[in-house]
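Reviewing the structure listed below.
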Amino acid sequence: MDKASAKRFKPTLPSNPKPDTGRSGSATGIAHPAPRNPQPATRNPQPAFSCNLGLIEYREAWRLQEKLVAARVGKRLNRDVFLFLEHPGVFTLGRRGGLDNLLVSEEFLKKAGMPVVQIERGGFITYHGPGQIVVYPIINLYTNRIGVRDFVAAMEEAMIRTAAAWGIAAARNPVNSGIWVGADKMGSIGIALRKGVSFHGLAFNVNLDLTPFSWIQPCGLRGVGMTSMARELDRQLPMADVRDVLQDQLAGVLGISFQACRPADLESQLDEMQGVNGG
């Protein structure tokens, strides 16, 4: 499906989906209801910045998030910012830890050149790699008048609708946040909150190599498989097209608009704000 067709596609989501037992035979494809208010009206008249960072090291993107969160909390930045990117291969550990969910030795990971980074988001261990679209929304939930649960559900809905644009029937699962195709997880969510400003975000499996997921128990769940759009369709997809559709779906479910922002311009604004405030 080309980009234009994907954008024209209007997925029909079942109002009461039946349990999908998936390939494993366990009922891990059950969809739970969408939030009471999954499409809040726009409350922030300023469009959010949309910044495509391309392939960027995890720690570098993390530092940028920290700067943006501090600026948003300190009211030096009056707009929300959504960072769209991919990471080189990396495992991240959430607040609930996760090294006990490693199925290989740390020495094995060192030889594979795979770093492990402890961060402040929720959840356990997960993997990021090229071919996975990562979105870090730096968004003030208070000013947007959206609760944490509804925000998480909105990100799930955006991924579900994006998958549907390519004919993939994904669903929620009460076992864990994110989106699933049968018994396999396709998209993950883990956020942190600082004075009403959310950061970290979602990871959506498009074309990535799923092998490193076999080295862990993803999200601390036993017996969980991982999948991707490429695996479900048996072909690679244009990452830019999927990213554009995902951005459109995020705008729709959150009731916001986007303004494109180059990485250099974003960094320049942050540097100017730091200089004005004597940082």
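Please treat every number below as a calculation from the coordinates, not as lab data. All of these numbers come straight from a predicted model, not from anything done at the bench. Ideal geometry is used to build each Cβ from the backbone, glycine not excepted, and the neighbour counts take in all protein chains shown.
Couple of notes before you dig in:
- Phi-derived couplings, Karplus 6.51 cos²θ - 1.76 cosθ + 1.60 at θ = phi - 60°, listed residue by residue for the stretch 231-247: 5, 5, 9, 6, 6, 7, 10, x, 4, 5, 5, 5, 4, 5, 5, 4, 5 Hz, with x used for Gly and Pro.
- Reducing the stretch 46-89 and the stretch 120-163 to their Cα centroids gives an inter-centroid distance of 13 Å.
- Ranking of Glu272, Glu232, Glu157 by neighbouring Cβ atoms within 10 Å, starting from the fewest: Glu272, Glu232, Glu157.
- Ordering 104-114, 165-175 by mean Cβ neighbour count within 10 Å, with the highest value first, yields 165-175, 104-114.
- Annotation: extensible slack from Asp234 through Glu66 equals 56.7 nm (criterion: 0.36 nm per residue apart, minus Cα-Cα distance).
- With both labels modelled 7 Å from their Cα along Cα-to-Cβ, the Glu267 to Gln46 distance reads 2.2 nm.
- Just so you know, the Rg over Rh for the stretch 47-264 is 0.94, from Cα atoms, with Rh as the Kirkwood radius.
- Cα-based shape type of the stretch 113-199, given that a ≥ b ≥ c are square roots of the gyration tensor eigenvalues and the cut on a/c is 1.5: oblate
- Loop-resident chymotrypsin sites (Phe, Trp or Tyr not before Pro) (DSSP state other than H, G, I, E or B) in the stretch 113-157 with no more than 13 further Cβ atoms inside 10 Å of their Cβ: Tyr142.
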